Amino acid sequence: MSQDASMPPAPPQNHFLQMALANRSFMIGLFITLIITGMALLSFVWTPYDITHLVVSDRMQGLSWAHPLGTDHLGRDILSMIMIGARNSIAVAIVAVGIGMGVGVPLGCWAAARGGVVDEVLMRFNDLVFAFPALLSAIMITAIFGPGAINAIIAIGIFNVPVFARVARAGALSIWPREFILAARAAGKNRVLITIEHILPNIVALLLVQGTIQFALGILAEAGLSYLGLGTQPPMPSWGRMLFEAQTRMMIAPHLAIFPGLAIVITVLGLNLLGDGLRDLLDPRLRRER
Amino acid sequence: MLVYLLKRIAIGLATLLVASAVVFSVLEIIPGDPALLMLGMNAEPDTLAALREQMGLNQPVFLRYLDWVSGLAVGDFGTSYTYSSPVLELIGERVMVSLPLALISLFLSTVIALPVGIFAAARRGKPADTITMGAAQVGVAIPNFWFALLLIYLFAVWLRLVPAGGFPGWDAGIWAGLKALILPAIALALPQAAILARVTRSAMLEVLGEDYIRTARAKGMPRRIVLWHHALRNALIPVLTILGLQFAFLLAGTIIIENVFYLPGLGRLVFQAITQRDLIVVEGVVMLLVATVIIVNILVDIGYAIVDPRLRTRR
């Protein structure tokens, strides 16, 4: 009697795809994220209007067929500015997540692989960074080293490092005691090799989920810094800056404040839904009760 | 528990010390002479030298650091370069705006989030759950300063119920002060409430699956009592953790909101101090906030022990 006969059939190849299609959060999140990304990419080659071209006679117009989302105080088309703003927000958030992952994941894996003093020192250092209010420190960094998109990226990125270090360490620690790691060690592989070949592939799901969350937080942080005048600098449009400029003109033209804000909310919402969906799909152990 | 607490306090003090070194050295490397800043660009070299001497700027970095840290320890935060008044006094004035603001928003966020989270958990999978959690999902995505703008437009510009910004001071009466703080507090509270509601719901769901909940229901305990007494208490640990994090965030997170509403709070103080290179003020406020984060974390730990007696015997 073969044991195989009683085992359940292997899941079909498109199992993941089926699950993904059935996951509402994932699908809505993916849809929104694709739309926003598409809009940002499109802005490189085409926007409805040229935003460097100021048409003062058209300033602060309401919604119309010519300008679906109206115009600002310099006669620039809001829709075009939001499209280019998407590009900035996404770029800042992606690089900031990249910094966080690039530095944090190796640190976290190192801490998990070595344990002992290395682990203790790295984690205390982590706690130290966590004790600094992130937003305040980001404001300090951008104000001291000069406002601008690059410094905003660094400021946001620094605070992503301990987040990814913690997630990577926790994930790696749960993998290290497993038998296949023991087998790899018995085969004479060193810690670096084991981390790259066996640990990382097993924590990639965790990192991806945390990545989408930090991405969304990065977009919010960039908007906040730009609102204070410390992020992306004019004439480059950014969602936060648009809101700052709208504030004093809100009484006459409320639409100036509404659409950039909606852009932020929709983008962050999309990313959060995508993250929730990914968590459900990639790691059944983390699946939230529904 | 006591040993554990003492250990926590020791670690907290150590963290504070390291943080002070980090803050001091980061602000040390940036360009700008505080003495020159105080006197202006046209200052006489003699006066400048005298002031530098008086401010102790000619001393080695390490000595100045020791001087500053030992001052902090006894409550002497130094004197502001631009305001020419003691930093502690400035902080004291501003805390009277920021602390009530943070407390009111924490209160609002808790009284909204806990019932909503419990309600959603009790109706898991039903339309009420889907709708409230969908709303929470949107709430998490709303930047608080944008929500603040919308609130200003609706309640200050359109309905004219409250002032659009500024703070009359507590001397103008508690009511006038509260009126100026209510919109900023709501703007801060809503996104926090959305996060807290989600955490509360998932913590409740976890607890509701436990055996003792089924036992309580099986012996005829009314659903409401099981929910609010048995389940909530056990679900409070993750909720407390988030509350602690949120309080620290609220104190620092007021920076943007205070700028939106032109409130003379800590956030605006530190923001202006940064732009004016008034470093001693920045250092003081940052250290105060870091200390607050550490203290709140320790308080949260004590809170765990109050909520969950099993943790009292730990270590």
So which residues in region B:219-257 are hydrophobic (A, V, I, L, M, F, W, C), open to solvent by less than 40 Å² (accessible area, probe 1.4 Å) and within 13 Å of another protein chain (Cβ to nearest Cβ), if there are any at all?
B:Ala235, B:Phe247, B:Ala248, B:Leu250, B:Leu251, B:Ala252, B:Ile255, B:Ile256, B:Ile257
Cβ pairs under 9 Å, 6+ apart, first in region B:263-288 and not assigned by TED's automatic domain parsing to the domain that holds B:Phe145, second open to solvent by 10 Å² or more (accessible area, probe 1.4 Å) and among the small types (Gly, Ala, Ser):
none
Only residues in region A:224-235 that are of a type in the set (Val, Ile, Thr) count as the first member; pair them with residues that are assigned to a loop (DSSP other than H, G, I, E, B), Cβ under 7 angstrom, at least 6 apart or cross-chain, and list the lot.
A:Thr232/A:Ser238
B:Phe167 vs (1) in a loop (DSSP other than H, G, I, E, B); (2) not small (Gly, Ala, Ser); (3) not assigned by TED's automatic domain parsing to the domain that holds B:Ala248: all pass except (3)
So A:Leu230, is it under 21 Å from A:Asn23 (Cα atoms) and buried (at least 22 other Cβ atoms within 10 Å of the Cβ)
no
Test: residue in region A:123-146 that is more than 14 Å from every other protein chain (Cβ to nearest Cβ), in contact with a helix residue (DSSP H, G or I) (Cβ under 8 Å, 6 or more places away or on another chain) and modelled with pLDDT under 90:
no
Could you please let me know if A:Ala216 is within 14 Å of chain B (Cβ to nearest Cβ) and touching a Pro at 6+ places or on another chain (Cβ under 6 Å)?
no
Residues located in region A:171-197, provided they are closer than 21 Å to A:Gln210 by Cα, open to solvent by less than 60 Å² (accessible area, probe 1.4 Å) and of a type in the set (Gly, Ala, Ser)
A:Gly171, A:Ala172
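The values are calculated or read from the model by the stated rules, or taken from the named source; none is laboratory data. Bear in mind the structure is a predicted one, so any value in this text is a computation, not a measurement. Backbone-built Cβ (ideal geometry, glycine too); neighbour counts: all protein chains shown. Each accessible area value is taken on the protein alone, full model and side chains, heavy atoms only, with ligands, DNA and RNA left out. Shrake-Rupley method; radii C 1.70, N 1.55, O 1.52, S 1.80 Å.
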